[in-house]
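Below you'll find the structure, written out as C-alpha cells, and then a few comments.
The values are calculated or read from the model by the stated rules, or taken from the named source; none is laboratory data. For clarity, every value in this text was computed on a predicted model and none was experimentally measured. Here the Cβ is made from the backbone with ideal geometry for all residues, glycine too, and neighbour counts use every protein chain on show. Keep in mind that these areas ignore ligands, DNA and RNA; they rest on the heavy atoms of the full protein, side chains included. Shrake-Rupley method; radii C 1.70, N 1.55, O 1.52, S 1.80 Å.
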Amino acid sequence: MDEWKEKYIDITPSGVYDMQSIRYHRRKTDLAADIGLIGLAVMGENLALNMESKGFEVAVFNRTVSRVDAFIAGAAKEKNITGAHSIPEFIGKLDRPRKIILMVKAGEPVDAFIGQLVPHLSKGDLIIDGGNSNFNDTVRRHAELAEQDLLFIGTGISGGEEGALKGPAMMPGGSAEAYALVEPIFTKIAAQVEGTPCCSYIGPDGAGHYVKMVHNGIEYGDMQLICEAYSLMKGILGMNANEMHEVFSEWNRGELNSYLIEITADIFTQLDSSGTPFVDVVLDQAGQKGTGKWTSISALDLGISAPTIAEAVFARCISAVKSERVAAEQVIQGPGGAYQGDRDETLKAIHDALYAAKICSYAQGFALMREASEEFGWNLDLGKISLGWRGGCIIRAKFLHRIAEAFERNPELPNLMLDSYFRNVLETAQSNWRSVIGTATQLGVPIPAFSSALAYFDSYRSGRLSANLIQAMRDYFGAHTYHKLDADGNTMLGKDGEPTVFHTEWMLEGRPEVTVE
C-alpha cells in the first residue's frame, strides 16, 4: 500500500487509503490494471470481459492493434478495460507485480510474445499461458523464465467461447508462488459449482497444461462415443433427427447427463436453410487441433493403455480421407442385411454401451494422469481434478462426482474400473455392451471407440493375456529374453529377489534354456 501513498494523497488527505476510492482513481487516471491480456480473438475478448465483470480492471493488447481499438469501442465500451497499442504501453498500464495472460495460438506465437515481454518485465512478474500449449513447452518456458527471476503459469482453460465469458474450468500449473498471485482472479472468474470454483492449483511446471491435454483427450473419446451411438441409431434403427433428439434429451436427464449429450440433443433440432436437418448436410470430415494426438503420444511414452482415446483420434483421421472412402464404398462389399431386433431394447443397449465405454475412456485418462504424476513428480490430486471438471468445461458431466467419490474412498486407486460403483456399472452393462458391438459388427457399422473400450475392459480384467507368446517370439528372433513362472504361477526370482532373466537357444538342436545374469 505504501507505494500508492504519493499517488493517492490528493484523494485521501486523511491518510486512510480506501480501496474503493483507489480503484476509482485508478480507472479515472488509467494508472494500473489488475491484469493484462494479450490476444483478442473471441476467447481472449470474452475472458477479458469476464474478468472485468468480476470487478477487475484489465489492460489488453493485440498484435493487430486495430482489434484493440475495435474491442475498446465495441464490446468493452464504458467498461474497466483499457487498450494499448504497443508492448511498452501495455506493460506500463499494469499493477506490480505484473500479471499477463497470453491468449494466443500455441507454439511459436507464445514464445514470440514472451520474447517481446521479458525485456520490459521485473523480478517477480508473472506470465500466464492460457492456450492449449504442449506441456513439454510449458516445462521449458517455466525453467527459462525462472532463470530470469520471472514467474510462469501454464493454465488450461476449457469451456469454449461461452465458458471464457461466463466461467470456464481452469487448470493452472506452475509454482505455488505464481498461482498465489492470480488465485483471487482465477477463482472468481471460473465456473462455480455448489459454491466451489472450478479452478484449483494443479501442480508444478507443466502439470496444468498436461491435465488440460488429458481433458481434451477424454473429450475426443466422449465425442466419438456419442457419434457412434448416433451412427447406430441412424444406421441400424433408421431413426430420424427428431427421434434422436428425443432419445438424447431423455438420456441427458439420467446418468449420461453431460454438456456434450445436451448439445447433441440440441443439434438434432437445428434445420438447414433448405429445411433439412442440419446434421445431415454437414460434411463428415472431423477436424482436430492436436491435443487428442498429444494425449495418445504421452500414453505411448509412459506405457499406459489408452486405446479408446487413440481410436477417437484415428476415427478423425479416417474421416479426413473422404474421397477414398466414397470410392471404396463402390468397390468393397460389407455384410449387408437389415436389423430385425426390438427398437426399445436396442436403444437401452446402446445407452448401456455408451455409459460403459465412457467409463473406460475416463479410466484410461485418469490412469494416464496418475502415471504422469509419478513420472514428473507432480503429486496430482485426481479427485480434485474431477471436481474441477464439473462446470465450465466441455466434458462437464453428472458422473464426475462419482470419480471424486472413488478417489475419496481410495486415493491410491490404480484404475477407476476397480472402484465399487464403476465396477458394478460395467458388470451390469456388459451384456448389452457386447450385444451392441456384436450387432454392429454383423451389420458392418464401424464403432471403433465402443469396441476398443470393451477390449480394454476385457484385457484389464484378464489375469493372463497372450503376451507370453509375444515374449517367446521376441526371444526367438531377437534374443530379447523373458521371465518365467514357477509352479505356483509366480514370477521366478533370483537370489537377489529380482526376476530371473531367461533366454532359449532356439536355433540349436534341443533348444537349451539358459539363465541370463
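Below, the figures for the structure above:
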| read-out | value |
| --- | --- |
| Check on ALA310, more than 30 Å from GLY235 (Cα to Cα) and of a type outside the set (Phe, Trp, Tyr) | no |
| First in the range 277-292 and in contact (Cβ under 8 Å) with a residue 40 or more places away in the chain and among the charged types (D, E, K, R), second anywhere and part of a helix (DSSP H, G or I) and open to solvent by less than 50 Å² (accessible area, probe 1.4 Å), Cβ under 9 Å, 6 or more apart | LYS289/ASN216 |
| The range 92-109 - residue that is charged (D, E, K, R) and over 22 Å from LEU49 (Cβ atoms) and, of those, least open to solvent (accessible area, probe 1.4 Å) | ARG96 |
| Qualifying positions in the range 411-424 - open to solvent by 20 Å² or more (accessible area, probe 1.4 Å) and either touching a helix residue (DSSP H, G or I) at 6+ places or on another chain (Cβ under 8 Å) or β-branched (Val, Ile, Thr) (or both) | PRO411, PRO414, SER420, TYR421, ARG423 |
| Residue within the range 386-404 that is touching a Lys or Arg at 6+ places or on another chain (Cβ under 6 Å) and either acidic (Asp, Glu) or surrounded by fewer than 17 Cβ atoms within 10 Å (Cβ to Cβ) (or both) present | no |
| Residues satisfying the stated conditions in the range 240-271, i.e. open to solvent by less than 50 Å² (accessible area, probe 1.4 Å) and farther than 28 Å from TYR421 by Cβ | ALA241, MET244, HIS245, PHE268 |
| VAL139 being of a type in the set (A, V, I, L, M), out of contact with any Gly (no Cβ under 9 Å at 6 or more places or on another chain), open to solvent by 10 Å² or more (accessible area, probe 1.4 Å) and modelled with pLDDT of 95 or more | no |
| Filter result (surrounded by 20 or more Cβ atoms within 10 Å (Cβ to Cβ), touching an Asp or Glu at 6+ places or on another chain (Cβ under 8 Å) and more than 16 Å from HIS351 (Cα to Cα)) within the range 427-459 | SER452 |
| Residue list for the range 200-227, restricted to those being more than 21 Å from ALA310 (Cα to Cα) and open to solvent by 10 Å² or more (accessible area, probe 1.4 Å) | SER200, TYR201, ILE202, PRO204, ASP205 |
| Test result for SER373, farther than 26 Å from GLU228 by Cα, surrounded by 13 or more Cβ atoms within 10 Å (Cβ to Cβ) and touching a residue at least 24 places away in the same chain (Cβ under 8 Å) | yes |
| Yes/no for ALA112 being hydrophobic (A, V, I, L, M, F, W, C) and assigned to a strand (DSSP E or B) | no |
